[in-house]
Amino acid sequence: MPKRVYNFSPGPCTLPYEVLVETQSELVNYKDSGMSLVESSHRGRNYDAVHNETVGLVRELLEVPDEFAILFIQGGATLQFAMTALNLLAPTEKAGFLRSGHWANLAMKDARMYGNQYVAWNGAEENYFRLPSSDEVQVQPDTRYLHVTTNETIGGVRLYEWPDVGVPLVCDMSSDYFSRSIPWDLIDVAYGGAQKNLGPSGVALVIVRKSALDASPRELPTYLDYRVHLKSNSLFNTPAIFPIYVSGKVLKHYKRNGGVEEYRKVSITKSGHLYRAIDRSAGFYDCPIQGESRSRMNVVFRVPTDELQAKFLAEAEQEGFVNLKGHRSVGGMRASIYNSMPMEGAVQLADFMDHFRSSNS
Ligand SMILES: Cc1ncc(COP(=O)(O)O)c(C=O)c1O
């Protein structure tokens, strides 16, 4: 086996080893075609089969009802910040936002250009250390939708209760797609970049309620119009072949391993190992995120000094635990433990944390 580290990167992140090996084995000569799939036409038989199989796996694993279209759109989750508003929000309408942290703030910044918006719950007042329960969300009359970020990748907070507030939800699920079930009856759009719980970067998975597109609020350039992608099965122009192809393999791997419900349970156990290492450290490790808001995908924590942090990161790297440095905007440490991080990675990191604490406190 080639050298592999435990890669705690927030994304792009670790992918299943067997998916990488299978991709490698097919890369030069796909199904005896004498060419790679990434050299093949997106209108050809081989890519067509992969594309439709991947769409089908998304539908099956996330139990997406027929009223929703499953789209693959380039531009990452970032383009969806604008596209959701462009496609759903008329200039005179308003959208509410859960202000949950870095990514929600960016979503608000782009949506602001296309309609009215307001903050339906403001996490900034509490340093973004938690997300609200449904009854704390204040939705104004005539709201078109409420935008929520189901997991703040940088802040390490997760939405533990889907707001059932009488308006449809538009959800950024970039960092917890495929690790929790989705209450489709509350939702108009769920979107996310591929590069955490799905596959390589280069595409966003966008799941949209078809009837939400019946009345388009404005004329749009071709690529920005969801209806164009819907009508063409995401094949209006050349799709992002490689990420969709590898995502299909990741989804087959998820299916073999028990599907989303199994990954949900695993995420609780995996993150539990790290949160217990924090909680039994008597304050050596500090995680400001409390209770149910603690992310199961991105575990954030600090050590008492900058010197200890540098030491922690250097020693962790020597042990093969890499990319544990927190985002530059918040500092500290962050262990991203998406679906493809093996349980053993979390267990061993928790052991390392215990050991580091007893040698340095
Ligand atoms: C929650 C969340 N939303 C949006 C993004 C932006 O995604 P992309 O890089 O695919 O545009 C990220 C990236 O990490 C994210 O974590």
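Please treat every number below as a calculation from the coordinates, not as lab data. As the structure is a prediction and not an experimental result, all values here were calculated from the model. Cβ placement follows ideal geometry from the backbone for every residue including glycine, while neighbour counts extend to all protein chains displayed.
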- Extension reserve of the VAL347-MET35 stretch, reckoned as 0.36 nm per residue once the Cα distance is removed: 108.2 nm
- Dipole size in debye (nearest 20) for the stretch 1-150 around its Cα centre, Lys and Arg Cβ +1, Asp and Glu Cβ -1? 500 debye
- PRE zone check, label point 7 Å out along Cα-to-Cβ of SER211, amide N under 18 Å, scope the stretch 74-105, hits 88-89
- Cα-based reach from LYS311 at 18 Å (exclusive), listing aspartates and glutamates while leaving out same-chain residues under 8 positions away: ASP286, GLU319, ASP351, ASP354
- Message: At 15 angstrom or more along the helix axis (alpha-carbon based) and mean Kyte-Doolittle of 0.5 or higher, what helices does the chain contain? Whole DSSP H runs only.
- Response: 76-88
- Which is farthest toward the positive dipole end of the chain among LEU251, THR23, LEU224, measuring Cα position about the Cα centre, with Cβ charges +1 (Lys, Arg) and -1 (Asp, Glu)? THR23
- Message: At 222 nm, what value in deg cm²/dmol follows for the chain if DSSP H runs of at least 4 each add -39500 (n - 2.57) and the sum is divided by all its residues, to the nearest 500?
- Response: -11000 deg cm²/dmol
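Nearest 5 percent is fine: what portion of the DSSP beta bridges confined to the chain is antiparallel? Don't skip to the end; give the middle numbers.
Values: 20 of 40 bridges.
Restricted to the chain, the bridges split so that about 50 percent are antiparallel.
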- Note on the structure: The convex hull of the Cα atoms of the stretch 286-357, divided by residue count, gives a volume in Å³ per residue of 101 Å³
- Task: Could you list the square roots of 5 times each eigenvalue of the Cα gyration tensor of the chain, that is, the equivalent ellipsoid semi-axes, sorted largest first and rounded to whole Å?
- Result: 33, 29, 16
- Item | Dipole-positive endmost among THR143, PRO65, PRO239 within the chain (Cβ charges, Cα centre) | PRO239
- Item | Rounded FRET efficiency, nearest 0.05, which uses the C-beta distance separating ARG4 from GLU67 and R0 of 51 Å | 0.80
- Give me the distance between the Cα centres of the stretch 77-129 and the stretch 195-261, rounded to whole Å. 21 Å
- Query: Among all the lysines, which ones have a C-alpha under 28 Å from LYS94's C-alpha, if same-chain residues fewer than 8 places away are not counted?
  - Reply: LYS109, LYS210, LYS231
- Hey, got the dipole for the chain? About the Cα centre, +1 on K and R Cβ, -1 on D and E Cβ, debye to the nearest 20? 440 debye
- Item | Segment ASN237-ALA49, extension gain: residue separation times 0.36 nm, minus the distance between their alpha carbons | 66.0 nm
- Here D for the stretch 101-174, in µm²/s, from Stokes-Einstein with a Kirkwood Rh over Cα pairs at 10 °C and 1.306 mPa s, works out to 125 µm²/s
